[in-house]
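Peer 1: Take a look at the following structure, please.
The values are calculated or read from the model by the stated rules, or taken from the named source; none is laboratory data. The model shown is predicted, which means the values in this text are computed figures rather than measured ones. Cβ placement follows ideal geometry from the backbone for every residue including glycine, while neighbour counts extend to all protein chains displayed. Note: accessible area is taken over every heavy atom of the protein model, side chains too, but ligands, DNA and RNA are not part of it. Shrake-Rupley method; radii C 1.70, N 1.55, O 1.52, S 1.80 Å.
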Amino acid sequence: MPFASTEEKVLAHVPRDVVLTVTTTEARGLEPTVDLAVRLGKNGYAAAPHLAARLVRDRAELDEIAARLLESGVDRLFVVGGDAAEPAGEFPDAESLLVALAEGGHDFAHIGIAGYPEGHGTIPDSVIAEALRRKTVHADEIVTQLCFNPATTVDWAGRLHDSGITTPIRVGIPGSVNRQKLIRVSAGLGLGQSARFLAKQSAMFWRFFLPSGYRPDKLVTGLTDQITSPANAISGFHLFTFNDLAGTERWRQARLAELS
C-alpha cells in the first residue's frame, strides 16, 4: 500500500527479483500508487500499480497515466474495478478500462485482473463469471482475492478451466502479517474505506485474532500440489503483505529454505 514509509521498507526488506504490486486506496486516489510504482521501478523493481477503473476520469487521464508508466519503464498493470461508490468518470468497471487501454495502443507487457473464488458479495456470480471471461482476452494473469478454503479455490479454478478459461491463476494469500499491522493498515485507509476493508476481510480478521494467530503455511500446503495439476491453471501464489514486508519476507525465505 502506498504509505509514506513503503518505499523505504521495500528497499530494506524485499529482494529485487520479487515482483511487486502497489494497491490503490480510494482515500488517496491514483497518484500515490502511480508515483510509488515509478519510484520502485527506478530502484530496480518490477512493480505493477493497481489501476482502479472507477477512479479514472476519462480516456485522456488514462492515456496520461499509461504514457507516464511506460515512459518510466513500468510495463506491468493490475486492473480492478475498485470500490468507489460512484465512478469518477467513464469507466464503471475493469473491463471498460481494459478495452480503452487496448484501443489506445498502450503496450503493457503484463496485465493482471482479479478473480473471486468465493464470489464478490455485491455482484451476482453469473455477472462476475461472464465479466471474467471477457476480461481474460486482455489479461495475462488472474490473481484471486483472499479465500481461506483451498478446496473452494481449487473447485473454482477447475470450473474456469473446464469452461475454457486457461489464463494462469495466482492464488492470493495473506503473508505472515501480525494483527497489530492489520489494525494500523485499516486505520490508515480512511474511515469509509476502512469499513469496507474490514467488511470484505472479516474472515481474515477473525483468523488473525484467534489465540494461535495466523500463518500462511496451511494455505500454501493445501494448494502446492495444484500448481502442476492439468485440471486447472493455478500457477503460484500472490502474497498480500498489508505492508508487513519484513515479516512476510522472513516467512518466504524460511519456506524456500525448507523446499531446498
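Peer 1: Please go through the stretch 234-254 and give me each residue that is of a type in the set (A, V, I, L, M), touching a residue at least 24 places away in the same chain (Cβ under 8 Å) and over 25 Å from G115 (Cβ atoms), ordered by number.
Peer 2: Passing the criteria: only A246.
Peer 1: List every residue pair whose Cβ atoms sit under 7 Å apart, with the two residues 6 or more apart in sequence or on different chains, where the first one lies in the stretch 116-141 and is closer than 16 Å to V171 by Cα and the second, anywhere, is in a helix (DSSP H, G or I) and of a type in the set (S, T, N, Q).
Peer 2: Final answer for the pair search is P117/T152; P117/T153; E118/T152.
Peer 1: Give just the number: which of (1) under 17 Å from G82 (Cβ atoms); (2) open to solvent by less than 40 Å² (accessible area, probe 1.4 Å) does R28 not satisfy?
Peer 2: So R28 meets the others, but not (2).
Peer 1: Pick out the one residue from L160, L98 that is under 21 Å from H50 (Cβ atoms) and in contact (Cβ under 8 Å) with a residue 12 or more places away in the chain. Before the answer, list the steps.
Peer 2: Details: L160 fails: under 21 Å from H50 (Cβ atoms).
When all the criteria are applied, what remains is L98.
Peer 1: Right, something else. Wholly within the stretch 1-76, which helices (runs of 4 or more DSSP H) include no fewer than the required count, namely at least 2 residues that are more than 19 Å from the chain's Cα centre (by Cα) and small (G, A, S)?
Peer 2: Passing ranges, in order: 59-71.
Peer 1: Can you tell me which residue is surrounded by the most Cβ atoms within 10 Å (Cβ to Cβ) among those in the stretch 148-173 that are polar (S, T, N, Q) and more than 11 Å from P117 (Cα to Cα)? Steps first, please.
Peer 2: First, the residues of the stretch 148-173 that are polar (S, T, N, Q): 149, 152-153, 163, 166-167.
The next check asks that each one be more than 11 Å from P117 (Cα to Cα); those that pass are 163, 166-167.
Details: S163: 11, T166: 11, T167: 20.
Checking each candidate, the answer is T167.
Peer 1: State whether the residues of the stretch 175-187 include one that is in a loop (DSSP other than H, G, I, E, B), touching a Pro at 6+ places or on another chain (Cβ under 7 Å) and at pLDDT 60 or above.
Peer 2: There is at least one residue in the stretch 175-187 that is in a loop (DSSP other than H, G, I, E, B), touching a Pro at 6+ places or on another chain (Cβ under 7 Å) and at pLDDT 60 or above.
Peer 1: Let me ask something else. Of all residues being of a type in the set (S, T, Y) and modelled with pLDDT of 95 or more in the stretch 24-54, which is nearest to L256 (Cα to Cα)? Just the residue, please.
Peer 2: Y45
Peer 1: Now, a different point. Kindly provide the set of residues from the stretch 223-237 that are surrounded by fewer than 19 Cβ atoms within 10 Å (Cβ to Cβ) and modelled with pLDDT of 90 or more, ordered by number. Quick ask: steps written out before the conclusion?
Peer 2: Restricting attention to the stretch 223-237, the residues satisfying the condition of being surrounded by fewer than 19 Cβ atoms within 10 Å (Cβ to Cβ) are 224-225, 227-231, 235-236.
Answer for the stretch 223-237, where residues must be surrounded by fewer than 19 Cβ atoms within 10 Å (Cβ to Cβ) and modelled with pLDDT of 90 or more: T224, D225, I227, S229, P230, A231, S235, G236.
Peer 1: Still on this structure, I have one more. Look through the stretch 105-117, keep the residues that are out of contact with any helix residue (DSSP H, G or I) (no Cβ under 6 Å at 6 or more places or on another chain), part of a loop (DSSP other than H, G, I, E, B) and not small (G, A, S), and return whichever of them is surrounded by the fewest Cβ atoms within 10 Å (Cβ to Cβ).
Peer 2: Selected residue: D107.
Peer 1: Moving to a separate point now. Can you tell me how many residues in the stretch 238-247 are closer than 21 Å to F78 by Cα and in a helix (DSSP H, G or I)? Please lay out each step first, then the result.
Peer 2: From the stretch 238-247, those closer than 21 Å to F78 by Cα are 238-245; that's our starting set.
With in a helix (DSSP H, G or I) added as a condition, the list becomes 245.
Number satisfying all stated conditions: 1.
Peer 1: So, one more: Of all residues in the stretch 45-86, which are acidic (D, E) and either touching a Ser or Thr at 6+ places or on another chain (Cβ under 9 Å) or over 18 Å from E141 (Cα atoms) (or both)?
Peer 2: Listed by number, the residues that qualify are D58, E61, D63, E64, E71, D83, E86.
Peer 1: For residues that are aliphatic (A, V, I, L, M) and either open to solvent by 60 Å² or more (accessible area, probe 1.4 Å) or at positive phi (or both), tally how many sit in the stretch 124-147.
Peer 2: The number of residues fulfilling the criteria is 2.
Peer 1: Go over the candidates T122, T144, T136, T167 one by one and state the one that is polar (S, T, N, Q) and touching a Pro at 6+ places or on another chain (Cβ under 7 Å).
Peer 2: From the options T122, T144, T136, T167, the qualifying one is T144.
Peer 1: Anything in the stretch 80-92 that is touching a helix residue (DSSP H, G or I) at 6+ places or on another chain (Cβ under 6 Å), without any contact (Cβ under 8 Å) to a residue 60 or more places away in the chain and either open to solvent by 30 Å² or more (accessible area, probe 1.4 Å) or not in a loop (DSSP other than H, G, I, E, B) (or both)? List them, or say none. Before the answer, list the steps.
Peer 2: Start the filter on the stretch 80-92 by keeping residues that are touching a helix residue (DSSP H, G or I) at 6+ places or on another chain (Cβ under 6 Å), which leaves 80-84, 87-88, 91.
Going one step further and asking which of them are without any contact (Cβ under 8 Å) to a residue 60 or more places away in the chain, we end up with 80-82, 84, 87-88, 91.
Selection gives V80, G82, P87, A88.
Peer 1: Right, something else. Based on this model, can you work out whether P49 counts as touching a helix residue (DSSP H, G or I) at 6+ places or on another chain (Cβ under 7 Å), under 22 Å from K135 (Cα atoms) and surrounded by fewer than 21 Cβ atoms within 10 Å (Cβ to Cβ)?
Peer 2: no
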